Amino acid sequence: MMDLAFFLLLNCEPEFSSVNLDRVLASYHRTFMGVLREARVPLDYSLDTMKKEFSEFRLPSILNIICGAPVWCCGPDSNEVSKDRFRRAITYAYEKGELGYQSRSDGGRGL
């Protein structure tokens, strides 16, 4: 799921990868499960499980994007679109509380 989270966050408009996320994930899940059925690969993988895994990989994906910001925002191939997508993705993640410091249910602390 990390690759999907990374792809959606970095390459799509933030509204597409966040506001319409349930539709995007449902479509991805249908397609993925269809490919597995055609390949006769039995896998019990619910949409809810996929959504949970996707959610768990959003923060690591955001951190990878932040680490690559100098390339995507300031590198020789950067452009206004990539800069704007980066800014909006990080702003949206912050506004949704995905970059905040939270207590974990096990008593520890985490991002």
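Quick note: the coordinates plus some simple rules give every number you see, no bench work behind them. As the structure is a prediction and not an experimental result, all values here were calculated from the model. A quick note on method: Cβ atoms are made from the backbone with ideal geometry, for glycine too, and the neighbour counts reach across all protein chains shown.
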Those helices of the chain passing the 20 Å axial Cα length cut-off and the mean Kyte-Doolittle cut-off of 0.0 (DSSP H runs only) are 47-67
Asserting the computed 222 nm helical MRE of the chain (DSSP H runs at least 4 long, -39500 (n - 2.57) per run, divided by residue count, to nearest 500) equals -20500 deg cm²/dmol
Checking rank on 48-61, 20-33, with mean other Cβ inside 10 Å and highest first, the result is 48-61, 20-33
Along the dipole axis of the chain (charges at Cβ: +1 for Lys and Arg, -1 for Asp and Glu; origin at the Cα centre), the most positive-end residue among N79, Y92, T49 is T49
If every Lys and Arg gets +1 and every Asp and Glu gets -1 at its Cβ, then about the Cα centre the range 2-99 yields a dipole, in debye to the nearest 20, of 100
Taking Rh as the Kirkwood radius computed over alpha-carbon pairs of the chain and applying Stokes-Einstein at 25 °C with viscosity 0.890 mPa s, one gets a diffusion coefficient in µm² s⁻¹ of 159
Once normalised by the length of the chain, the mean sequence separation of its alpha carbon contacts under 8 Å that are 6 or more apart gives a contact order in percent of 32
